[in-house]
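The block underneath contains the structure these notes are about, expressed in structure tokens.
The values are calculated or read from the model by the stated rules, or taken from the named source; none is laboratory data. Remember, it's a predicted structure, so these values are computed and weren't measured experimentally. Here the Cβ positions follow ideal geometry from the backbone for every residue, glycine too, while neighbour counts run over all protein chains shown. Ligands, DNA and RNA are excluded from the accessible area calculation, which covers all protein heavy atoms including side chains. Shrake-Rupley method; radii C 1.70, N 1.55, O 1.52, S 1.80 Å.
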Amino acid sequence: MHLPLSDMYNKPDERNLLDHMHQGVIGKPLDRPEGPLKVSGSATYSAEWRIDGCVDGVLVLASIAQGKATAVHQDEVLARDGVLAVIVDPAMPRRSAQGMATKAPKQDVANVEYFGQPVALVVAERFEQARDAALALRVDYADAADPAPLDPHAAGVKVEPAPDSKPTEGGDLDQAMRDAAYTLDVEYETPGHASAAMEPHATIAQWQGDSLILHASYQMLAYNVKEIAGCLGLSTDKVRIIAPYVGGGFGSKLGITHEAVSAALAARELGRPVRVVMTRQHVFQTVMRRSETLQRVRLAADAAGRLIGLGHEALVSNLPGEQFAEPVTQATEFLYGGENRLLKVEVARICRLTAGSVRAPGEAVGMQVLEAAMDELAEKIGIDPVELRKRNLPAKVPVKGTPYSSRMLVEALEQGAQAFGWAARKNRPCQTREGDWWVGMGMASAARVNMMVPAKARVTLKADGTALVETDQTDIGTGTYAILGQIAGEMLGLPIDRVMVKLGDTALPPGAGSGGSFGAISTGSAVMHACEAIREKLARKLDCKAEDLAIQDGVARSPEGHGRPLTDLLAGEDLAETGSVKPGKTAKDFSQASYGAFFAEVAVHAFTGEVRVRRMTGAFGFGRVLNAKTARSQCLGGMVWGIGSALTEELVFDTRDGHLVTHDLAEYHVPVHADVPAIEVILLEERDAAASPLQAKGVGELGICGAAGAIANAVYNACGVRVRSFPLTLDKIIADLPDPFASAA
Amino acid sequence: MATTLLTAQVNGTPQALPQDPRRTLLDWLRDDLGLTGTKKGCDHGQCGACTVLVEGRRINACLSLAALHEGDAIETIEGIGTPDALAPLQRAFVAHDGFQCGYCTPGQICSAKALMAELAEGWPSAASVDVSARPMPTPDELRERMSGNLCRCGAYSNIIAALEEVIAAENPA
Amino acid sequence: MKAFTLDHARSAEEALASLGQGHTAIAGGTNLVDLMKLQVAAPDRLVSLRRTGLDAIVPEGDGLRIGALVTNADCAADMRVRQDWPLLSQAILAGASPQLRNRATTGGNLCQRTRCGYFYDTTQACNKREAGTGCAARKGFNRIHAVLGTSDACIATYPGDMAVALLALDAVVLTEGPFGPRQIPLAMFHREPGDDPTRDNVLHPGEMITAVKLPAPTGGRQVYRKVRDRASYAFALVSVAVDLSMEDGRIARCAVAFGSLGTVPWRDPKVEAVLTGEAPSPALFAEAADVLLRDARGFGANDFKIPLAARALAATLAQATKG
């Protein structure tokens, strides 16, 4: 069998190449190779590069929501000690770029569109001088004459269909709702969320002639190059971004943001490198928010609990002119049956911080609501929630009829339930009391679309028998360093300590970037293709076919059985190949998703309504497991996000002036150690050849997609209070709690 | 009047404190001394990424002024171990995958080191049922004691597993 | 941060001399540096109290004298505090994080400013930060704000935990200042906002806290309950400090104080009068809560604090009177 002629992934590659290699590193729970650097503080993040002559800039944010910055009183601060420049430049973006934007976001910061929008940058010799001057900088504003609403629920707010998407309609949902044996028609709301990566956005910009070099913290470098080149009017070959370590992204670093562009402008004006590190408050106020959602779910089921109708409608919000709308119904499209359906997303146009991608856009908030609604339906019908899911898995995608590439949802439901001890669940609320705590269990399905995006990677098998993988693909905590090394090590038959991985530099071949759970499978597939090409060449040297070539521990063997060390075969010459992958027909021919199931046990305080998660189990099927340790960690991390989404996280905007009230980590509550109990993760192996040449699917976001629903369902099972507004803070629970001095009802 | 050079010990080496009293301990370590292992996550004592040890006690370097540390012995992550000579805590973090993006990790490790000293000294915590009793390193105790260190990647349970392993190794039953 | 000069006082006397000249004291700095970075506080002269020698915990009679510079961590870990005034240890341990507790001091903690989001934001109107500018919290996001002790000018809470326990324990704040030494019962240390929310406490300019004195241990059952939005590292929505003694199945004496409920740490003798001499029961706890909350007023987002306080009180009293 020969290599694919085209890099477009048009047909599922059923060769399962990685299962036929001999090194035994793929899939193993190997330590991250960059681990020793990270645990010793030796990994260099973007603000930490020592660059001679570098000075510091601090952004200045608008204190009105809409209007114009009419005057910036630069001279007042330029007179201060150490202050070098005040940058007010129409090239500065007023919005962050969306993920994969590839062009400049809206610029011209003199036009203010949301409270907190950056309007200027102050640069000084030292950080304290810049920060002090930035706070002192006087800016005059003229309020907009006819301001647009600040609040998605304001009277007269303009609501439009989500751009780039059409509602999915099938049959007659209204009729199904009239006819069905069991119906549910409920509204849920989820608040805005922040990515809140631990590393604030930071860029060091330096010019070498007319070329720009950025040390920055971004997820999708090849796209980010285009975005900043667009902002500055540069050709893309004049921009290089270096980001070997990114301290978390979670969507907020998909597109170029304000600090990079303003640092570049300042560095050009001053003729010296400029570093701009966003304060945590700046990150919250200027980068990106996940939109709040208002969701209506309608479920119509027959007497046996099979869905005949499914409605999922959502209202989200964004600035005028933004194409991005939180794709709330993304998983609802394919997850459950019900041919009579209406799935639609609408966008309210308001003047508030740009809404964009935060980890698992769409499913993060759509799944948690859908799964809560399914739980309500299960109770109405009187069947076990797990059983309800199992009865509603269609053979093909409703309305569209697309086949599924693979789906391990049933296995996840069954194995997860078993491991968790789901059988012990009481099917009525308020049945279990332990001291002052009501205890309950809940579950939810997990689903997240899978996609592959174009990616390239270069692999060099060096004459000394080591291999080097090179790509601008980032590792944002996702385990890229480990996984790409394991793919190359497996394909080339090398022990893992002989494989080096170099990432995060746009001088290297453009990978997929980290986002949408597609990084590992896309760039990993490119690595695999490069290795295939190298194996072809090695096979020719041994006069055999590539599929008959066995390499292990650096020794190549043909069917004749002669083992030749690679160093011999290479005879002093490196073998370098660039692999490439692009999505193709498999993306359209199949519905591709990663699946799983969550099980949660919570305790609700009988007096105060405080909710604590006592344990969770997640079982997940996402194709081939590339590294069991990092995959497990991704799932753990996602489930922690689920805890936050269920119980504590909420962006609060003051609708009088539009400012973000919860703009730091003291007010925006991400889970802390004490919020996170023992979490069990079960990884289910499968091969999905349609999803990628690796037979792998994405796992980076799957652990969020529905987790909060499981927790909400457990809260209801514990104390009988069904809260349809996330987060489930205690004020929403105590009003309806049973008498605290009663034991089980 | 002669200006005396005020110093603090950083990982055993005396270092001159900065002239500008506004400089925080964190920015002094990162920018003036080039010890970038200690991280700035929020600059307002809300995340713990800047945790360092001062006289063996963990503090948020971002909320302390460098000039207030004259004569102090300060230990940062760089002093705890290097890639070629990792301390047991660091090795346990790698083995248990107690990190993902790695940005909160130095703070977690410095915190964990100090936590072990606090436990050894018998300090109680909010998780202790009886504050006058000697605390035990139960998972609930460890989680509460580490709660001043945020991890957005959600590596929490692996961090606790790493910490449990090291505590058990240092306190064989 | 605005530029400032930093002096180091080598004794309490030197510190007082500096304070008398208008310097601002800095001890651990965990609140002050936070505020200075945002220019909510902008002193131009600081004096460090680090070397003033006020960091001892010593018995005094049957009580305990805790120096103003004793860190929260050291205070909570002190075996005498843990055994004889466990409420104080519990309350301190419920606050902040280990890192913050290792720097925050007894004196500094008593002086900590509110967490109101409008106080913290210099783009917003705040009478506490700048007199006469208005209160953006009243009709804004006031979830963490007070339902007792508010005024038209301000509804912000004092957010600390330690002070709530000290209030229940009848602690006294010892100060030195331009008018000589004072002994201020904790109940009189913090100020409700009234017409002048800019002053959180009764300290005069130039006056500094030197110590906090605990009276003889009560020997009672002591429980500190902190109710908050996540399991740790968060300020209280409401907290309850209870110290009570039982006799013949009745509450012989009790002290009950509340945090984050009023604009100051809150203790109401009428609540204790309801409880004293009575047998514990849900009805009794509810009656005590009714008395506590008779003048409570919510501002929208914090209405829930009223039922929450009643429930938290019941839970804490139930726990303290059990067995």
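In terms of accessible area, using a 1.4 Å probe and ignoring ligands and nucleic acids, A:ILE521, A:ILE242 rank largest first as A:ILE242, A:ILE521. Taking packing as the residue-averaged number of other Cβ atoms within 10 angstrom, the listed peptides A:147-153, A:557-563, A:136-142 run from highest to lowest as A:147-153, A:136-142, A:557-563. Where does the charge balance sit around C:ALA165 when Lys and Arg score +1, Asp and Glu -1, over other residues with C-beta under 12 Å from its C-beta? Neighbourhood net charge equals 0. Among the listed pairs A:LYS456/A:LYS537; A:LYS380/C:LYS226; C:LYS213/C:LYS270, a Cα-Cα separation exceeding 30 Å is found for A:LYS380/C:LYS226.
Chain C and chain A together bury an accessible surface of about 3000 square angstrom, both sides counted, with a 1.4 Å probe and no ligands or nucleic acids included. Excluding ligands, DNA and RNA and using a 1.4 Å probe, chains A and B jointly bury around 4600 Å² of accessible surface, summed across both partners. Both radii are taken from the alpha-carbon atoms of segment C:1-128; with Rh as the Kirkwood radius, Rg/Rh is 1.01.
Restricting to DSSP loop positions (anything but H, G, I, E, B) with no more than 15 other Cβ atoms inside 10 Å of their own Cβ, which chymotrypsin sites (Phe, Trp or Tyr not before Pro) remain in segment C:125-192? Filter output for segment C:125-192: C:PHE179. Counting only lysines at least 8 places from C:LYS37 when in the same chain, those with an alpha carbon closer than 26 Å to its own are A:LYS253, B:LYS39, B:LYS40, C:LYS2, C:LYS128. The mean count of C-beta atoms from other chains within 10 Å of the C-beta of residues in B:47-60, rounded to a whole number, is 5. Only helical runs count toward this figure. For the protein assembly as shown, summing -39,500 (n - 2.57) over DSSP H runs of n ≥ 4 and dividing by all residues gives -7500 deg cm²/dmol at 222 nm. Largest accessible area first, the residues A:LYS541, A:LYS103 order themselves as A:LYS103, A:LYS541 under a 1.4 Å probe with ligands, DNA and RNA left out. Cross-link partners of A:LYS106 among aspartates and glutamates, defined as those whose alpha carbon lies under 17 angstrom from its own and excluding same-chain residues fewer than eight positions apart: A:ASP89, A:GLU227, A:GLU259, A:GLU322. Shape summary of the protein assembly as shown, radius of gyration then Dmax from alpha carbon positions: 30.4, 100 Å.
Element breakdown for chain C at a 1.4 angstrom probe: carbon and sulfur atoms account for 50% of the accessible area. Centroid-to-centroid, using Cα positions, segment A:343-366 and segment A:656-729 are 16 Å apart. Computed over the alpha carbons of segment A:86-223, Rg followed by Dmax gives 22.6, 73 Å. Once all protein chains are placed together, A:ASP164 keeps about 130 Å² accessible to a 1.4 angstrom probe. Is the shape of segment A:197-301 rounded, prolate or oblate, going by the alpha carbon gyration tensor and its root eigenvalues a ≥ b ≥ c, with a/c under 1.5 for rounded and a/b larger than b/c for prolate? Since a/c reaches 1.5 and a/b is larger than b/c, the shape of segment A:197-301 is classed as prolate. The heavy atoms of A:GLU379 present about 90 square angstrom of accessible area, all protein chains included, probe 1.4 Å. Note on A:THR402/A:HIS22: beta-carbon distance plugged into 1/(1 + (r/R0)^6) with R0 of 45 Å gives a FRET efficiency of 0.75. Percent of C-alpha pairs per 10 Å bin in segment A:631-724, short distances first: 14, 33, 30, 17, 6, 0. In the context of the full set of protein chains, the protein assembly as shown has a per residue accessible area of 32 Å² (1.4 Å probe).
Convex hull volume per residue, computed on the Cα atoms of segment A:273-408, equals 164 Å³. Panel note: contact residues of segment A:591-615 (accessible area lowered by at least 30 Å² against the chain on its own; 1.4 Å probe) correspond to A:PHE607, A:THR608, A:GLU610, A:ARG612. Candidate cross-link partners of A:LYS462 among the aspartates and glutamates, defined by an alpha-carbon separation under 17 Å and a same-chain spacing of 8 or more, comprise A:GLU470, A:GLU490, A:ASP497, A:GLU532, A:GLU536, A:ASP553, A:ASP568, A:GLU573, A:ASP574, A:GLU577. When the Gaussian network model of chain B links Cα atoms closer than 10 Å, the mean-square fluctuations of B:ALA87, B:ALA161, B:ALA49 top out at B:ALA87. In segment C:266-297, the residues whose accessible area drops by at least 20 square angstrom when the other protein chains are added to the isolated chain are C:PRO282; the probe is 1.4 Å and only protein heavy atoms count. Using alpha carbons only, the radius of gyration of segment C:62-110 set against its Kirkwood radius gives Rg/Rh = 0.94.
Taking all protein chains together and a 1.4 Å probe, the residues C:LYS213, A:LYS38, A:LYS582 rank A:LYS582, C:LYS213, A:LYS38 from largest to smallest accessible area. Compactness of segment C:106-194 was expressed as the Cα radius of gyration divided by 2.2 N^0.38 Å, which yields 1.20. This model, with +1 at the C-beta of Lys and Arg and -1 at the C-beta of Asp and Glu, gives chain A a dipole about its Cα centre of some 1040 debye.
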